[in-house]
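To start, the structure itself, in structure tokens.
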Amino acid sequence: MTLTLPDGAAELAAVRDLSALFDPASVAIIGASNDQTKYGNWIAVQALRSDHQRPVHLVNRRGEPVLGCSVHRRAVDAPGGVDLAVIAVPAAGFADAVDDALAAGARAVVGITAGFAELGEEGRKREAALAARIRQAGAVLLGPNCLGVLDTTSGLRLASNDMPAGPVGFVSQSGNMALELSRHLERDGLGFSRFASLGNQADLTAADLIRSYTEHDGTELIALYCEDFGDGRAFARAAADAVRAGKPVVLLTVGAGQASMRGARSHTGALTSDSAVIDAACRAAGVDRVTTVAELAHLLGALHRNRHGGGPRVAVIADGGGHASLASDVAEAHGLLVPEFGADLISGLAAELPPSAGTTNPVDLAGAGEQDITSFGRVLDLALSADEVDAVLVTGYFGGYGGYGEALADAETVTARVMAERIRAHGKPVAFHTMYAERPAARELHDQGVSVFSSVEHAAQVLGRIAERAARPVPHVPALPRPAAPAPDDGYWSARELLRQGGLDFPTAHLVRTEDEAATAAREIDGPVVLKAMGLLHKSDAGGVALGLADEGAVRAAHADMTRRLDPPGYCVEAMADTAHGVELIVGVRRDPRFGPVALVGLGGIFTEVLRDIQLALAPVTAAEAEALLDRLTAAPLLRGVRGRPAVNREAAARAVEAITAVAAAHPEIAELEVNPLLATPKGCLGLDARIVLGS
């Protein structure tokens, strides 16, 4: 399901009261069953485990006992009323069950039942009508087509499976993802504070749940598995608020497909994939996006243990040359630096280790573990004490030395305890990779709050994430401006004038029709001109652009040729820009159905789709944000000046990007807007071509 909300709707969203969903006074399971193949049975089993927390009323039409408990034929028959109703009946009976729940006083409904929007337009209409009915009654709906809800802080268990308690608030559109994540977290000593299955998001959305989790004292971290974001701007804004409140948000999602781009009519549309748009939204909101459940669990565990940032300079400590070299390569692949240590640190390490040890970074203990296991603690302490070290990656055999004998096993465990104490004292991120993560010393590290991994890739990946998080700006999801007067048409001249009035400079130009008018316009410009045929989407490809026309004869000849071949409705005669020392950029904006206007900045001209050197951001972007986008381009050295070429005016380029994205954001009727090329020169910035595509 995709929801397209009006521009600005995300800015108006407020925190909804979800107390009845997560901490209800009473619960009714409508569709409770003895059939162990049905959700009505599974959820009833879980609900009854905590019936001492609140009344749990089992409801089914037969009135027969369920799980040895008496039932009510209707929710309205439950004494004291119902605060939260979980509905697990066939789709044909769902509407009646909703009416029954609302009549019983339900302030929240969890729709387990499937068979609505996921089946097509008719199902979508029935679903929307039911959601509207629930909202009109002052209640909220989770789902339908969802797998339940739980809150371990309030003792609420209304999901099909038991899940461990912990600090993670999880929102998911997949029950299996929740179960897999719960297993990973449980092995790491973590679990869920809250879990909500999104289902079809007919009423409550991911954004609503994020806002609720942000205000929930029992939730320290927020994790999501989303297949659809509904109003993506609302999602991003809610996530940004959570991050600013000190609650990291980690997202696992799909969206690498190109289906939504099939109708794209510009370079911007062709280059702006679903996945790239999600990445842009995550950057704006400060959200960490991951690609697997294991990566999600590893990052949640690391963030739980270390929320205070770090930096890219990592010390690698290993007890073997192979592990030292491999870990260094993997660390650098994840954006970390493994710099050579200064003389003081090298000297300190050399005093603790055998002569054969490596002390420059990476550190190779070279057998010190077997000779003196406590050296691990001293080496780690030295590295953490150094100002030149932001984080430490320990890799190799530690955890396995205990297999050589009881005395060494005891010493290894004591050393693990000492290392954990030093890590806490210094407060810098540390990740341990060990071949023996299940052994007592490694378990001691884990139990003492140290991140322990059985894969060096996961250890380095987590440290890389922590370092990258420390360098992020404060999350900023741009607000959408009030809509401006609609563009009159999608022609070049209209696009050019819209952008010019919005602050983008263009070469001097005249709109003409006849050959004589074109010649007169060229004389007024007094210099080489460009003749552009109007009414063509891709003018250059159709032969509708003639460059470098130096005199009246050339202008008349080009006009006659285009008239014969193309018969356009008009022409633009434009001053020929001086492209010497310039860099051609592309700046475009595509209106995404979920996230609204998305800006694209990249290397332009004929290289746009060949090199695909682009960066994306939610629009509109500020000049400072635009400059950051330009700096991230692979072609950024061209803008700063290289091999004798002067630097372009990057401030002017950034202001041009700001102006273009502001215009696009203020025109919701524009599906795609593009300036390509945008010529950046040492003197300033000029738009040389522009096009808009109006929405259908």
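The values are calculated or read from the model by the stated rules, or taken from the named source; none is laboratory data. Remember, predicted model here, so these are calculated numbers, not experimental data. Counting neighbours? That spans all protein chains shown, and the Cβs are built from the backbone with ideal geometry, glycine included. The area values use the complete protein model at the heavy-atom level, side chains included, leaving out ligands, DNA and RNA. Shrake-Rupley method; radii C 1.70, N 1.55, O 1.52, S 1.80 Å.
If packing is taken as the average count of other Cβ atoms within 10 Å, what order do 472-479, 200-207, 617-624 fall into, highest mean first?
Output ranking for 472-479, 200-207, 617-624: 200-207, 617-624, 472-479.
Can you tell me how the range 561-696 classifies by the Cα gyration tensor, rounded, prolate or oblate, using a/c under 1.5 as the rounded cut?
oblate
Tally Lys and Arg at +1 and Asp and Glu at -1 over the other residues with C-beta under 11 Å from the C-beta of Leu204: what net charge comes out?
Summing Lys and Arg as +1 and Asp and Glu as -1 gives +1.
Just the accessible area per residue of the chain, please: how many Å² with a 1.4 Å probe?
With the other protein chains kept in place, the chain gives 40 Å² per residue.
Report the net charge of residues surrounding Gly246, where surrounding means a beta-carbon distance below 9 angstrom and charges are Lys +1, Arg +1, Asp -1, Glu -1.
Summing Lys/Arg as +1 and Asp/Glu as -1 gives +2.
If you average the alpha carbon positions of the range 54-119 and of the range 496-559, how far apart do those two centres end up, in angstrom?
70 Å
Can you give the angle from 0 to 90° between the axis of helix 206-215 and the longest principal axis of the chain, with both taken from C-alpha atoms, to the nearest 10?
In the chain, helix 206-215 runs at an angle near 60 degrees to the longest axis.
Under 30 Å from the Cα of Lys683, which lysines turn up, not counting those fewer than eight places away in the same chain?
Straight-line reach from Lys683, under 30 Å: Lys532, Lys539.
With +1 on the Cβ of every Lys and Arg and -1 on the Cβ of every Asp and Glu, and nothing else charged, how large is the dipole of the chain about its Cα centre, in debye rounded to the nearest 20? Spell out each step's value before the answer.
Working: 62 positive and 85 negative charges, 257 e Å.
That gives the chain a dipole magnitude of about 1240 debye.
Computed over the Cα atoms, what is the radius of gyration of the range 321-384 divided by 2.2 N^0.38 Å, N being its residue count?
For the range 321-384, the normalised Cα radius of gyration is 1.10.
In degrees from 0 to 90, rounded to the nearest 10, what is the angle of the helix 321-333 Cα long axis to the longest principal axis of the chain?
Taking the Cα atoms of the chain, the angle to 321-333 is about 50 degrees.
In the range 56-109, carbon and sulfur make up what percent of the accessible area (probe 1.4 Å)?
Reported share for carbon and sulfur atoms: 50 percent.
Based solely on its DSSP helices, what 222 nm [θ] is calculated for the chain when runs of n ≥ 4 H residues each add -39,500 (n - 2.57) and the sum is averaged over all residues, nearest 500 deg cm²/dmol?
-11500 deg cm²/dmol
Round to a whole number: what % of the accessible area of the range 201-243 belongs to carbon and sulfur, probe 1.4 Å? Walk me through the numbers before you get to the answer.
Values: 310 of 900 Å².
So the carbon and sulfur contribution to the accessible surface is 34 percent.
In degrees from 0 to 90, rounded to the nearest 10, what is the angle of the helix 515-525 Cα long axis to the longest principal axis of the chain?
Tilt relative to the chain: about 80 degrees.
Multiply the residue separation of Arg632 and Asp526 by 0.36 nm, subtract the distance between their alpha-carbon atoms, and state the gained length in nm to one decimal.
On the way: separation 106, 0.36 × 106 = 38.16 nm, distance 3.91 nm.
Between Arg632 and Asp526, full extension yields 34.3 nm more.
Can you give the FRET efficiency for Glu552 and Gln501, using 1/(1 + (r/R0)^6), R0 = 41 Å, r = Cβ-Cβ distance, to the nearest 0.05?
The formula returns an efficiency of 0.85 here.
List the pair-distance distribution P(r) of the chain, using every Cα-Cα distance, as the percent of pairs falling in each 10 Å bin from 0 up to the bin containing the longest distance, rounded to whole percents.
3, 13, 18, 18, 17, 15, 10, 5, 2, 0, 0
Sorted by mean Cβ packing within 10 Å, highest first, what order do the peptides 462-470, 559-567, 71-79 take?
On the way: 462-470: 21.8, 559-567: 14.8, 71-79: 17.6.
In descending order of packing, they fall as 462-470, 71-79, 559-567.
I need the peptides 358-367, 190-199, 524-533 ranked by packing, meaning the mean over residues of other C-beta atoms within 10 angstrom, with the highest value on top.
Numbers: 358-367: 21.5, 190-199: 25.7, 524-533: 19.4.
Final packing ranking: 190-199, 358-367, 524-533.
Taking all protein chains in place and a 1.4 Å probe, what share, in percent, of the accessible surface of the range 581-639 do carbon and sulfur account for?
On the way: 1260 of 2000 Å².
Carbon and sulfur atoms account for 63 percent of the accessible area of the range 581-639.
Take the alpha carbon atoms of the range 594-643, find their center, do the same for the range 161-233, and report the distance between the two centers in whole angstrom.
Measuring centre to centre over Cα atoms gives 34 Å.
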